[in-house]
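In what follows, a single structure is set out as structure tokens and then discussed.
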């Protein structure tokens, strides 16, 4: 369930409870049911605005840190290694977004290299700790991948 949805429900319920008790005191001729209904209405209208206000400032900072994704070139991989094994090996360094192991188009056999996308901090840690380390009896070469150049379409 979406955290902002839960927050909206929580704020709405709080407004309903508070106004259930406060409105009858302020307007003595108002019933408790009407004050609760007004509380739900006010809470329902204010909750999305409040959740956007609070979640935007905290999420933007988290997204700035977590959205920085780096692509690593991983060379000298064992031919028997699969994406899952490589992902488990790199997750010890940080959060892995994806793993792509290159295959020969004609034979379908792995080429012995691939690319791992992970958060920037994890990527830096992986380069430091996994470059020239042994993985399934092979010495890995781990470095930042070069930008893929797009072909000119003239």
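The values are calculated or read from the model by the stated rules, or taken from the named source; none is laboratory data. Note that the coordinates shown come from a computational prediction; the quantities given were computed from them, not determined experimentally. Glycine gets a Cβ as well: all are built from the backbone with ideal geometry, and neighbour counts include every protein chain shown.
Per-structure values
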| item | result |
| --- | --- |
| Any hit, the stretch 68-75, residues being at pLDDT below 75 and under 30 Å from residue 114 (Cβ atoms) | no |
| Check on residue 22, out of contact with any strand residue (DSSP E or B) (no Cβ under 6 Å at 6 or more places or on another chain), modelled with pLDDT under 80 and surrounded by fewer than 14 Cβ atoms within 10 Å (Cβ to Cβ) | yes |
